[in-house]
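Only the coordinates and a few stated rules stand behind these numbers; no lab work does. On a predicted model such as this, the values are computed, not experimentally measured, just so you know. Note that we place each Cβ from the backbone using ideal geometry, even for glycine, and neighbour counts take in every protein chain shown.
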Amino acid sequence: MEPLLEARNISKVYPNGMAANRSVNFSLQKGEIHALAGENGAGKSTLMKILFGMEKPSEGELRLNGAPFSPSSPQDAISKGLGMVHQHFMLVPSFTIAQNVILGAAPRKGLSVDWKKAAQETADLSAKYNFSLDPNKRVEDLSVGMKQKVEIIKALYRGAKILILDEPTAVLTPQETAELFSQLFKLRESGITIVFISHKLKEVKAICNRITILRGGRNMGVFQVSDVSEQEISRLMVGRDVALKYDKDNIPPGDAILEINRLFLKNEDGKTKVSNVSLSVPGGRILGIAGVDGNGQNELARAVMGEIPIASGEIRICGKPATGKLQGVRQLETGYIPEDRMKQGTAGDASISDNLISIRLKSPEVCSKGILRKKKISALSESLVGLYRILCSSADQKVSMLSGGNMQKVVVARECSTSPKLLVADQPTRGVDVGSAELIHHKLLELRKNGTAILLVSADLNEVMELSDHLAIMFNGQISAYFEDPSQVSEEELGLYMLGLKKQEGIS
Ligand SMILES: Nc1ncnc2c1ncn2[C@@H]1O[C@H](COP(=O)(O)OP(=O)(O)O)[C@@H](O)[C@H]1O
Ligand SMILES: [Mg+2]
């Protein structure tokens, strides 16, 4: 069968000399969901931007329905039936959903825009694909998941027959992801062809027909998804074997390091965010906190780190009350991987080296008699860059130049390398590639082996299930379930607790 859309021998060298695509062949069959997988920087977005007329290839040709195709701009690509939803949404926040959907393609009544028709058409499309969007709502009031739906509807409104989704699930919760998947199936049923960019192999397995794997700008192969294992896909993506399962060292638990008793937390408006949570983590153990984002997990982690005040109850670290500010908690030998590495985790303008040692400025290791020991600092950062496989030209490079995965490794390196007694890891691998995620997981397990108590907050069920010794689920600010041995519970059951459809007996 002739491909619907085809890229032949596409190469792309950016003006800075970066070869993002190297003689890539890519083909799309009508009616399939085609995964485009690869680590961060593999060239996935570049290839799709070329198909969508946003970037010009340096070499190679495109064909659409068997005829040569060279889109001069996204508008040109859209007029030929392509649609693309980018990683960063391109909506106007102050406009309504309907206004965003029709922007630049509005129905006219004489000279003016027919708003009624616009709202009706948006509502019709939303109903057809179960998007349940209210056309009159403002985009700025929508959740990320909703904004993504608006982007999809916008493409459909413009007549997209080929829909390119660039890492759509990176920003979604498991529930939103499941919803998106059922919508993608509906779209496929109605004849839409989909490119699904992801490096999450479970997702690729769950919804895609075929997969193309990129590594270092090259095509590493095209497969029927049912013919390749996750292990094989990740080996092609990363270039080496990746452990998808981990062996935990069988060491006895230590003393209780983190103790949380009847904790209540409120936000600035006085709304209760966490209620009556009691948990404890001994040394050498990982306590996972699973849950749909926004159910109090993040507040819990931040309270442990002294970032938000305690309304009532108590948090103890190594037996001492942890009620102080971040600095005070830090002195209790606590490491912290915050949820938002851009805002909290790193200082973007500072160098990798400065970021790596920022929490040790008071230690004699890097500072003696008030003077920074430059040689020590540079040796220490070079060794961390190596140990944590941080891809950079030098440790003096600005952190903001790194990819997401490498930036996260800077944070993990800084926080794990001081051998803390307690590590609070909030979504430690969100949005990072498999290779980096694996490294981060190994580092957490290494700390565990050396007796660190770890509080692991993650919306990624695979991750918490794989790493946690014990597991708590949070829903609506409360612990809805606790499992001494999480390997005994199915993901489906966990889903029920996460959505608040089930609550364990006898849990406060
Ligand atoms: N506009 C650009 N200018 C220079 N280099 C770029 C540009 N966009 C992407 N790159 C580089 O090209 C490579 C591939 O990037 P990209 O296509 O975004 O990968 P992916 O989507 O797989 O993460 C990366 O090394 C990236 O830094
Ligand atoms: Mg990309």
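If amide H atoms are built 1.01 Å from N in the plane of the peptide, which residues on other chains or at least 5 residues away come under 5 Å of the amide H of Ile164?
HN-HN under 5 Å from Ile164: Gly83, Met84, Val85, Val195.
Going by how many other beta carbons lie within 10 Å of each one, how would you line up Leu279, Leu163, fewest first? Intermediate values should be presented prior to the final figure.
Values: Leu279 19, Leu163 23.
Listed from fewest to most nearby Cβ atoms, that is Leu279, Leu163.
Cα-based Rg (one decimal) and Dmax (whole number) for the stretch 190-253, in Å?
My reading of the Cα-based Rg and Dmax gives 15.1, 56 Å.
Can you work out ³J(HN,Hα) from phi for every residue in the stretch 473-489, in order, using Karplus 6.51 cos²θ - 1.76 cosθ + 1.60 and θ = phi - 60°, giving whole Hz and x for Gly and Pro?
After applying 6.51 cos²θ - 1.76 cosθ + 1.60, I find 10, 10, 9, 6, x, 10, 7, 8, 6, 9, 10, 5, 10, x, 5, 8, 10 Hz.
Please report, in Å, the Rg and the Dmax of the chain, where both are computed over Cα atoms only.
Taking only Cα atoms of the chain, I get Rg and Dmax of 24.5, 78 Å.
For the stretch 205-211, just list the computed ³J(HN,Hα) in residue order, Karplus coefficients 6.51, -1.76 and 1.60, θ = phi - 60°, integers in Hz, with x standing in for Gly and Pro.
Karplus values, whole Hz, x for Gly and Pro: 4, 6, 10, 9, 8, 10, 9.
Students often forget the sequence filter, so: which aspartates and glutamates lie under 20 Å Cα-Cα from Lys398 once same-chain residues fewer than 8 apart are removed?
Partners found: Asp340, Asp349, Asp354, Glu382, Glu415.
Give me, ordered by chain and number, the residues 5 or more places off Arg218 or on other chains with an amide H under 5 Å from its own placed amide H.
Sorted by chain and number, the residues that satisfy this are Arg22.
Expressed in whole Å with the largest first, what are the equivalent ellipsoid semi-axes of the stretch 1-125 derived from the C-alpha gyration tensor as the square root of 5 times each eigenvalue? If you can, show how the numbers build up before the last one.
Details: eigenvalues 205, 60, 40 Å².
Over the Cα atoms of the stretch 1-125, the ellipsoid semi-axes are 32, 17, 14 Å.
Quick check on my link table: of Lys116/Lys149; Lys205/Lys421; Lys30/Lys200, which ones sit more than 29 Å apart, alpha carbon to alpha carbon?
Values: Lys116/Lys149 21 Å; Lys205/Lys421 38 Å; Lys30/Lys200 23 Å.
The answer is Lys205/Lys421.
³J(HN,Hα) across the stretch 417-427 via Karplus (A = 6.51, B = -1.76, C = 1.60, θ = phi - 60°), whole Hz, x for Gly/Pro?
6, 8, 6, x, 6, 10, 10, 9, 10, 9, 6
Considering amide H positions built from the backbone, and no H for Pro or chain starts, which residues 5 or more places from Asp114, or on another chain, come under 5 Å of its amide H?
Arg108, Lys109
Taking every DSSP beta bridge that has both residues in the chain, what percent is antiparallel when rounded to the nearest 5?
Percentage antiparallel, nearest 5: 60.
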